[in-house]
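**Student:** Here's a structure for you.
Only the coordinates and a few stated rules stand behind these numbers; no lab work does. Keep in mind it's a predicted model, so treat the numbers as computed, not measured. Here the Cβ is made from the backbone with ideal geometry for all residues, glycine too, and neighbour counts use every protein chain on show.
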Amino acid sequence: MKQLHLEDEDFDDLVIEEDDPAVNEGVRWLALARVHTAKTFSPTAFYKDMRAAWNTAKPVRFRPVGPNVFVVQAVCLGDWERMVDQGPWLFRNMVVLMAPYDGFTKLEEVPVLFMPIWLQIHKLPEGFCKKNIVESLLRNSGDILEMRLNGNTCGDYVRVRVRHDIQKPLTKFVSIVRGKERQVFLVRYEKLARSAAFVV
């Protein structure tokens, strides 16, 4: 807009109050969904597959708003939280990224870059299975959403759910130095076998 050289007196604004209930009611429980691919696909197939994957209690509304980007609206908070907070979601082996949306911000200003995913730190000794140590080990892996230090029934790994930024590399291993001895522990991602090719 800068190239238009507009002055304040050139505007004839429509003023909408932020707390206008008639306006705000229509944008409840919105999210943006972006399929992380350059390939083309059928939006109808996407709607069908994601409705099945999310398994929402009530119908979900979709509206395409850009290349591989959709505004999605749930009918209730529980369905919205499942769509936005759970995952990772996949459509035909392609990652589907979700982000909360207020319905008013320009789409290009909403980052749709994060994917919640479970990772596992394998063979971590008992003495290191502490919340503060695991948090430090994963300081570059994304925001920690959930942590299960008990691991699985075999007890050979701890599980951590992180908010991964797809612009950053995945953590392949972590290491600890104690008493001048370095120990290296493998990090594996759940469901990554299907989605690794689409995470950058």
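**Student:** Can you return the lysines within cross-link range of K58? Criterion is Cα-Cα under 23 Å, with same-chain partners fewer than 8 residues away left out.
**Tutor:** K48
**Student:** List the lysines whose Cα sits under 23 Å from the Cα of K180, skipping any in the same chain fewer than 8 residues away.
**Tutor:** K123, K130, K131, K172
**Student:** A further question follows. What list do you get for H164, H36, H122 if you sort them by fewest beta carbons within 10 Å?
**Tutor:** Listing H164, H36, H122 from fewest to most nearby Cβ atoms yields H122, H36, H164.
**Student:** Within a Cβ distance under 13 Å of R51, other residues only, what is the Lys/Arg minus Asp/Glu net charge?
**Tutor:** Here the count lands on +2.
**Student:** Taking the Cα-to-Cβ direction at V75 and at R51 and moving 7 Å from each Cα, how far apart do the two end points lie in nm?
**Tutor:** 1.1
**Student:** Continuing with this model, one more query. Using a simple spin-label model with points 7 Å from Cα along the Cα→Cβ vector, what separation in nm is obtained for E126 and L186?
**Tutor:** Result for the modelled spin labels: 2.4 nm.
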